[in-house]
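Some notes on the structure that comes next.
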Amino acid sequence: MHKDQDRAKLFTRRAALLAGGQGLVFAALAARMYYLQVVEADRFAMLADDNRINPRLLPPPRGHIIDRFGVVLADNRQDYRAVIVREQAKDAEAVLERLGVIIGLDAEDRKRILKEMGRRRAFVPVKVRENLTWEEVSRIEVNTPDLPGVAIEVGQIRNYPQGEVTAHALGYVAAVSEAELTGEPLLELPGFRIGKDGIERSYETVLRGSAGSSQVEVNAVGRVIRELARREPDAGGDLAITLDAGLQQFLFERLSQEVAASAVVMDVQNGEVLALASTPSFDPNKFAGGLTPVEWQALATSPLKPLTNKAIAGQYAPGSTFKMMVALAALAHGLKPSHRVFCSGQTSLGNARFHCWKKGGHGSLDMLGGLKHSCDIYFYDLSRQTGIDRIAETARLFGLGKAVGIDLPRERNGLMPDRDWKLANIGERWHPGETLVAGIGQGFTLTTPLQLAVMTARLANGRYAVGPRLVRSAEAPVWPELGIPEEHMKIVQEGMSRVTNEIGGTAYGSRIQEPGMAMAGKTGTAQVRRITLAERLKGVKKNEELPWEHRDHGLFVGYAPIGAPRYAAAVVVEHGGSGSKVAAPIVRDVLIEAQRRNSAGDAPEQHVADGA
């Protein structure tokens, strides 16, 4: 480098001597030309290449999501979109105005695009419109000379063949928000989408893949002349999940007959979630294509909360589905199954009066009778003798009051209260009457449908603390033992069987009569409002006489078949009234369908804890 500079200076001096003073200017110009053309030749060639060769990222195809039998639940379809590059457009606002005449961009659209261009680097393409029709693509191509910086890109857009049926389990993909930009160039590509909820979000890194690259030669106005080099992207990995698409469809259609409901179906042996649904739902394909502000507002403000996965995030008082926990806690405390209580329809504790759901009472009952008839007075007595701390300990053992750890975001914890919880969170001591209320699944206690399904699966298998799994794995899970005496578990299982299979059981009308498919279960009706003494004296209004939002929630949990349990289900019908009327028939139908769909080679596996 220094030698070249010295040569240029020498050349200048010699030229000056030859030409004299008048040639000094010419000599200086000649030296400068020599310096630029010879000394700096490589650097300017490199700069020219930078202007001529554009590196581009190639987005990877997103991995597919398939069900347990290979049915595609999420894949990709071809998408044509228009993009604009700010540094090539020069006057981007004018270009967008001309483009708006061609494909119908209004002032709000143009404002959004200009704002997005301001957030991105000048050379990064910004999406103008996607899901273009062939006619729109043709009009843009014809007008290309008047649209500098505008180009048509062919990409892929996420596709959900079952739409709203699998929306809450799979989630959806949407454009990367400003808060989600991490500096990774792939996230800045126009139209690039990431998982925002469900499986799509939980397994984003698996499904996304990694970008490829392309080097293209462009002319002075930025048009691509040819591709010089290319490295294909690595597609995202396919993901096999535990859902059964057929059972999922059946469950969704059954729940959709109600205003709002949610449910979970599990394999009681290995914890695989076979169906998980929440209604009303939404179409995830609209998120993939981009919602309009009106569409988003309608979903976000709906009182029925279609965007909430109520199966894992809806928190409800469990009502009488909680009574199995009280029975097991009482047995562990030393009470016998033969323990009898007389139900006259009401009982007192101090100055407080507590009522049974059945006016006039059930008479004298033992534990099996208490479960069969779901007698509140019986369980008031059991909870009073057992105590809230023992009840809470048993409930937590069965998955209540804490997130059970499914492969989905936004799972709620529910709440299993005890004396310490109330003192720490409310600053008050626990009152005896609150134990009675908790004993019938009311008061502070909150559960999710998923937790109730896990509880039921653990009751059904009788020994292992199975947990929910939504992604299939070759590695067999190992579940710890519950540590519940077998004779205690059999009492509760028998009580649940009598609920559905003996005359007088609260769900006898929803029993499964197909041979070999019989189910055991438990009804639940959870109040959402307090019934005052004045209302009781005047006469408690029936659910159908109340506004929808004041009606009781209807719940049912069940498993089948009784002889060799395989499937567990939990259903919550919001403001549906009696669990025996609205929720039990749904569980019956779903458990029948699950057993009918049980195919050869899909037999249950049981995995025990180390040393068991």
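The values are calculated or read from the model by the stated rules, or taken from the named source; none is laboratory data. Just so we're clear, the structure is a prediction, and the values are computed from it rather than from any experiment. FYI the Cβ positions are ideal-geometry reconstructions off the backbone, even for glycines, and counts take in every protein chain you see. These accessible areas exclude ligands, DNA and RNA; they are computed on the full protein's heavy atoms, side chains included. Shrake-Rupley method; radii C 1.70, N 1.55, O 1.52, S 1.80 Å.
The angle between the Cα long axis of helix 323-333 and the longest principal axis of the Cα atoms of the chain comes to about 70 degrees, rounded to the nearest 10. Over the stretch 412-529, accessible surface divided per residue gives 42 Å², non-protein components excluded, 1.4 Å probe. Note on the chain: helix-only mean residue ellipticity at 222 nm, from DSSP H runs of 4+ residues weighted -39500 (n - 2.57) and normalised by residue number, equals -10500 deg cm²/dmol.
Computed FRET efficiency, Cβ-Cβ of ARG231 and ILE152, R0 22 Å: what is it to the nearest 0.05? E between ARG231 and ILE152, to the nearest 0.05, is 0.45. From the square roots a ≥ b ≥ c of the eigenvalues of the alpha-carbon gyration tensor of the stretch 444-492, which class results: rounded (a/c under 1.5), prolate (a/b over b/c), or oblate? It comes out oblate by the Cα gyration axes. GLU411 contributes about 40 Å² of solvent-accessible surface, heavy atoms of the protein only, 1.4 Å probe. Between the Cα long axis of helix 584-596 and the first principal axis of the chain there is an angle of about 70°, rounded to the nearest 10. By the rule of a C-alpha distance below 23 Å, with chain neighbours fewer than 8 residues away ignored, the lysines paired with LYS402 are LYS305, LYS310, LYS323, LYS422, LYS522.
Which angle between 0 and 90 degrees, to the nearest 10, do you get for helix 2-19 versus the longest principal axis of the chain when only C-alpha atoms count? On a 0 to 90 degree scale, this one is about 30. When peptides 559-572, 472-485, 157-170 are sorted by average Cβ neighbour count within 10 Å, with the highest value leading, the order is 559-572, 157-170, 472-485. Highest mean first, the peptides 71-79, 448-456 sorted by other C-beta atoms within 10 Å per residue fall in the order 448-456, 71-79.
Here the simple spin-label model places points 7 Å from the Cα toward Cβ, and for GLU97 and ARG120 these points are separated by 2.2 nm. Of the accessible area of the chain, computed with a 1.4 Å probe over protein heavy atoms only, carbon and sulfur atoms account for 52 percent. The calculated FRET efficiency for the pair ILE503 and ALA564, based on their C-beta separation and a Förster distance of 25 Å, comes to about 0.50.
Does the stretch 138-274 come out rounded, prolate or oblate, given a ≥ b ≥ c as the square roots of the eigenvalues of its C-alpha gyration tensor, rounded meaning a/c under 1.5 and, failing that, prolate meaning a/b above b/c? Taking the square roots of the gyration eigenvalues as a ≥ b ≥ c, the stretch 138-274 is prolate. Solvent exposure of the stretch 80-157, expressed per residue, is 54 Å² of accessible area, with all protein chains present and a 1.4 angstrom probe. Computed extension length for HIS333-ALA424: 30.2 nm, one decimal, from 0.36 nm per residue of separation with the Cα-Cα distance subtracted.
Given R0 = 51 Å, the distance between the Cβ atoms of ASP589 and THR182 translates into a calculated FRET efficiency of 0.65. Placing a pseudo-label 7 Å from each Cα along the Cα-to-Cβ vector at HIS355 and ALA474 gives an inter-label distance of 6.1 nm.
The stretch 172-233 and the stretch 239-297 have Cα centres lying 28 Å from one another.
Once the 1.4 Å probe is applied to the protein heavy atoms, the stretch 158-243 comes out at 43 Å² accessible per residue.
Ranked by solvent-accessible area (1.4 Å probe, protein heavy atoms only, all chains present), the residues LEU335, LEU349 order from largest to smallest as LEU349, LEU335.
For the stretch 55-201, the Kirkwood estimate of the hydrodynamic radius, built from every pair of different alpha carbons, is 16.6 Å.
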